[in-house]
Structures are given as structure tokens and as C-alpha cells.
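The values are calculated or read from the model by the stated rules, or taken from the named source; none is laboratory data. Since this is a predicted model, take the numbers as computed values, not measurements. No Cβ is skipped: glycine too gets one built from the backbone with ideal geometry, and neighbour counts run over all protein chains shown.
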DNA sequence: ATGGACGATAAAAACGTTTAACTTCGTTGT
DNA sequence: ACAACGAAGTTAAACGTTTTTATCGTCCAT
């Protein structure tokens, strides 16, 4: 038995395939009674739309390309693990649509640039979702130049307005800094993402402004930029704690670097809460299991990811990008007082 | 300017589209000189194969469905994070092929079953990769009944032979147990995955056999089955350490539960290496950052994931499943002596 | 010379859908 | 009474491939 097509239904009902096609997509050109007959026949024979025919005819792919930057296979560091949840969130948001998530794993920025050019020029997808945006992101320019629907996880600074979802890094750092200063900290370290990433810049600028507001000096030795692995967190704690005037607080940009920071504490014999404290941003709800649990800004990854999904759908429907911009404020979860208990 | 098709090349060269098509796919029916002309013209006009035409004509989708079971969006526990690396590994393995990874995120086993039936019956992909296999897995039966190419991450017990990749859980537990027994442990806890998962059963059976070999009694109170979240690790340490005769070693099935176990240690005031030790399986190389670092069996996730990719390719080419079965032995990384230092 | 085989290319059909253009027929307005 | 119109369908073309079948020389054996 062959799989039924609209032709099958046409024969079954005595109508033409054109009418069947129109009936199935609720065209006003076909009478309700006729449509009912078609629907009935379709169900009876177990008809399912064959996307290949549609794709060839319409040129639409019904694919949303998710570009995932992950370090190469040799790189066995704990990085980018939140992508799993991100992808599933996007996938669920598209669940009731005809769109599917098509995965493009790339190793670095250049590759993502090349892939995006290819997707855009060869129309390998109808929409693109990217992350790891830069302040001035050439990929965004590529997609905008081709008028190609896309949503970014992360903002950009110098690009024309586009659809995005991001955590409110500016506010997060501002609040975080004020809270630490209020608790007596004067030397606060910032473990930041790579400095070409947009949110790295946002966080850094917010940090500097917060220092100014608090009347504290800026010390470049207390700021590190890098790939947010545990190794990064560990190494920076090791070097910064060796300073003559070491930090009493570390703000880590994610849970991986926070874990690494703990490892550095352990190595140096530092006690959390006595010698210094660690605060982090966490979207996997994992830092509650650290020993001790730490204060975090928690943004469940499911929120931005489902937004990314719905935004790309709406963007592909033609909604203007300005209407599809959201900054989400992570929730402060205070698991520590974060005041240092004086050594005695 | 329209995108060039084989028709464009046909006009350009004065040949028919049939000849062009054959030339491009290296059919022996076309003369080398003719082929050269076609290739030249194709490059000159910038021709790229339009997959939609191919798909409609041949019925092939050039999609590999990756079924990813992740807890629902409400469930904000750290679980399944290794999927990110797994997916990128698969994606890279398919890079030089015309195949793409199409992501299907599901919330539970039943959903994955439904999705697979759909993919198989509606030919929404040419191959499927699943994980979380059960001892007797109905999804495997579905795919085998339809003679549909697939590879599993994880073995099965009662199903007909199929392509799979897995860690050698039997050996891993056997070696792990022998090592702990040798170091004086008599009460060894097993924090195991859900008992309907194939590797949960493998691990459990290996555990029981190892106890027998060592002449140790089996105590059901020392075995827990569950979703491998940090919460699971934590809770089991809390309850097991309250036993009148608590375990002196915990074998955790992944890094998430090991992290949770540490959290339980912290809560109960247990010191790693004095009161008990934690060993774990780790495929993200993260447990080296625990405080203290623990002994783990490390299998870089890139290995199984790239194998999954190449296996599904070979399976789709018609290679028999028996040739596509691999158990990978994780590498023991001893970061602790794991002998208890006696309290004094 | 004739017929057959073969090698190289062309013609045409097919995959399943959408959609522009056309037909048919009943209704409406004048 | 008749043109104009609208509603509801139909016809046919098109999307870009692959593949079966047909065509046309050319070469070779008879």
C-alpha cells in the first residue's frame, strides 16, 4: 500500500486535487460542505501532508536552524552544557508548528559565520537562532542584509534592531555589585565571558559603573575574560588570591566557572564565607548543590529558550523585530549572607 | 537572478538535463569529456544541488532524527546536560555527508515512542539515534519491524541485535568494585540510573556479582535507582549516611549525582576520604574540579557521539547492525587514594 | 550490404504539492 | 432579456530532481 496523497483523496471524493488541496488548507474558495467531505476522506485514508512536495513547490524548508557553538571534540572541558536545555526548549516551542529544529554544530565564530552565509544564500532554513552575539556581529549583518528571519540569544550593540532574548546583564551586575558593596566588600573580582561577546561588554561596563557609584577604584587585575569553563574559574581564583590585596568576592558569569572557582578555593585552602565569597549566574539551578550553596542569579534556561522558539516563529510570520526583544531579569537567590566572618 | 538549476547548466552546455544530472553524480553512462564540460559549467554558474527536488523524487529526507529525552520545561534540575556534547558530536560526524541532524526533544519515554512511530511511518527521517534504552525496548522493536536504520546510545538485552554504542558498564562496575574492596571498603553504595534503563540493570547485576566475588553481603538499602540529578545524589547520601551501618563508598553513575553527593556530605558534615569516598562516572571531565577531586571513570563524550554519527551513516548505507556495535571502556582516573584515613 | 550490439545522449514521466488561469453555472442589476 | 458578476470547481503548469525508455549514430560480424 502506498502512502495516500491528495490524489488519493481526489479519487476517493471525485473532486480535483486542486480542490482537495484548497480544502485542506481552509481556503475560502471551497464550500464548507465540500471541505467536510474532504476532511472525512482524508481521515479515512489516513492522509498526511508530504512536506517534500510542499517544500519543492513553495521553496519553504520548514526548518529552523539552531547554530550551536561548542568547542571541538578534542576540547573536553565542561562548556556550553546549557545548550541541551536551550535546544529542547526551542524544540518544544516549535512543537505545534510544522517547523523542525535543524542542528548546526560549529566550532568557532568563523564557522558559524560561514554556515549562516550558506543557510541564507541557499535557503537551507526559514529561520535562524544564534547565540554568543558580539557587540558588532557580522552574522547579524549578513542575515539582515538578506532580510532573513532570525533571533539571537544575546544582544548586540552596533547592529540595527533585531529580535533577541537575553538576561538583563546590566541590571544583574548592578544589583549584584551594590549588594556586595553593602556587605562590606571592597575588592570584587569579575570573572567575565570573552571580551568580544556582547554580554561580556555589558557586564564589564556595568561593573565599572557600579565601582564608580560605590566610589571604589578599578583594578584590572580583578577582571578576567575567557571561555567560561571550570578551568577558567579555577585559574583565576588561583592567580587573584595570590595578589597582595586579593578579592573578597568573585562574581562568576556562569555555574561552570563558579564550580571552578570553588576548586581554586580548595586548592588554596580558602574558606567560602571567611576568606572570600562566590556569587554566580546560574541557569541550570545547580549551584544550590555547591558546598556551601552560594548566592546566585537564577534564570531558568527554559524561559529564554521557549521565548527564542516563539520569537522565531513570529519573526518568520513577518512580525517586526522591534516587537520581539526581551531582557529577562534573573531572580536573586540568597543562599549565603555573603558578609565575611572575620578571621580570628 | 534565480538560483541556477540543472536546467541552467543544460542550457549553458547545450546538453539535456538528464545528461547533466547523470554527469553530476558520476554516472558511467556519460563520457568523461562531457562530464568535464558539465562540471565546468556548474562551477561557473555557481550551481548547488536543490535537495527539495531530490527529496521529492527519491523519497529520501537526508535527515537523521536525534531523539533527546529531557525533562519538561518546569523541571529545572540539572539533568541530561551531556546531550549538548552528544548532539554536537553527532552533527560533526555527519558534516561531510548530505545528512543533517533534526532534533526531536521529548519529555518522557512514551513521547519518544510516539515520535519514533511517526518518524518511521511517515518517513520523516532516514535514520534515528536514540538513547536511554531499556532492557526490552519497544522503540527498538518498532524500528526493527519497519527495517528502519537506527543506532542506540546504550545496549538492550532482549531485543534482536542492533547497532549500538555504549560505555562498558559491566566492566566499569566490576573494576570499580574490586578496587574499592581492595582498599578496605565493605559497605559500598550504588547510586544507579532508573531501574528500567538497560545500563541500570547492567550496572546493578555487575554490582551484585562483584559483591559475591568479594564475599560481601548484598544490602538493598545501599542501592538507589533514580533520575541522575544532583538532588538524587544528595538525598541518597542523606538517607544512607543515617543508616546504623553507613556506606564508606558511593559509586555515582554520573557527574551530576556525584555533585549532589558532595552536597549531602557537606550537609551531614562528612569529610571525603575520612568518612566515606565518592567515585563516579564522568563524561564531561568535570569531577576534577570537585573539592576534593574524585576518582572517576572518564569517557569523553566526544567518542561515543562521533561513533553514533558514523554508525548511523553506515547503517543507512545498508551495513548490517552486527558490525556496528561498540562498548567503550572509560579510563580510570585516580584522583584520590580512596582508602579511608581512620578517624582519631 | 544488412542486421545487431553498443555507447552516448535525449525525451519524457514521475515524485506531491500549490496556484494562476480558466470554466461553469446560478444570481443579480438594469 | 441580457450583460456582468461571484461562487465553486477544474485544468494545467510549475517547483528540481532522478530514472526509465527511446533515439541516433557507429562499429562490427556476417
Do we find a residue being under 10 Å from residue B:163 (Cβ atoms) and in a strand (DSSP E or B) anywhere in the stretch B:311-319? no
Could you tell me whether the stretch A:51-64 includes any residue that is within 16 Å of the chain's Cα centre (by Cα), more than 16 Å from DNA strand D (Cβ to nearest atom) and modelled with pLDDT of 95 or more? yes
Just need a number here: residues in the stretch A:50-59 that are loosely packed, with under 15 Cβ neighbours inside 10 Å and outside any helix (DSSP H, G or I). 1
Take the residues in the stretch A:23-44 that are within 42 Å of the chain's Cα centre (by Cα) and touching a residue at least 12 places away in the same chain (Cβ under 8 Å), then tell me which one is nearest to DNA strand D (Cβ to nearest atom). A:23
Return the only residue of B:30, B:20, B:64, B:38 being assigned to a loop (DSSP other than H, G, I, E, B) and buried (at least 17 other Cβ atoms within 10 Å of the Cβ). B:30
What's the total number of residues in the stretch B:33-56 that are more than 11 Å from DNA strand C (Cβ to nearest atom), within 14 Å of chain A (Cβ to nearest Cβ) and out of contact with any helix residue (DSSP H, G or I) (no Cβ under 7 Å at 6 or more places or on another chain)? 5
For the stretch B:74-106, enumerate the residues that are part of a loop (DSSP other than H, G, I, E, B) and either within 7 Å of chain A (Cβ to nearest Cβ) or more than 19 Å from residue B:307 (Cβ to Cβ) (or both). B:74, B:75, B:76, B:77, B:78, B:79, B:80, B:81, B:98
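Is it true that some residue in the stretch B:275-284 is at pLDDT 95 or above, over 30 Å from residue B:95 (Cα atoms) and not in a strand (DSSP E or B)?
The answer is yes; a qualifying residue exists.
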Kindly indicate whether any position in the stretch A:6-22 is within 22 Å of residue B:118 (Cβ to Cβ), within 12 Å of DNA strand D (Cβ to nearest atom) and in contact (Cβ under 8 Å) with a residue 40 or more places away in the chain. yes
Does residue A:13 meet the test of being within 11 Å of DNA strand C (Cβ to nearest atom) and at negative phi? no
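Just to be sure, is residue A:294 buried (at least 23 other Cβ atoms within 10 Å of the Cβ), in contact with a strand residue (DSSP E or B) (Cβ under 7 Å, 6 or more places away or on another chain) and in contact (Cβ under 8 Å) with a residue 60 or more places away in the chain?
no
For the stretch B:82-91, indicate whether the set of residues that are within 16 Å of DNA strand D (Cβ to nearest atom), without any contact (Cβ under 8 Å) to a residue 24 or more places away in the chain and outside the structural domain of residue B:285 (by TED's automatic domain parsing) is non-empty. Working first, answer last.
So the first thing to find is which residues in the stretch B:82-91 are within 16 Å of DNA strand D (Cβ to nearest atom), and the list is none.
So far as the stretch B:82-91 goes, no, none of its residues is within 16 Å of DNA strand D (Cβ to nearest atom), without any contact (Cβ under 8 Å) to a residue 24 or more places away in the chain and outside the structural domain of residue B:285 (by TED's automatic domain parsing).
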Would you check which residues across the stretch A:16-32 are more than 8 Å from DNA strand C (Cβ to nearest atom) and under 18 Å from residue A:46 (Cβ atoms) and list them? A:23
Quick one: is residue B:7 touching a helix residue (DSSP H, G or I) at 6+ places or on another chain (Cβ under 6 Å) and surrounded by fewer than 14 Cβ atoms within 10 Å (Cβ to Cβ)? yes
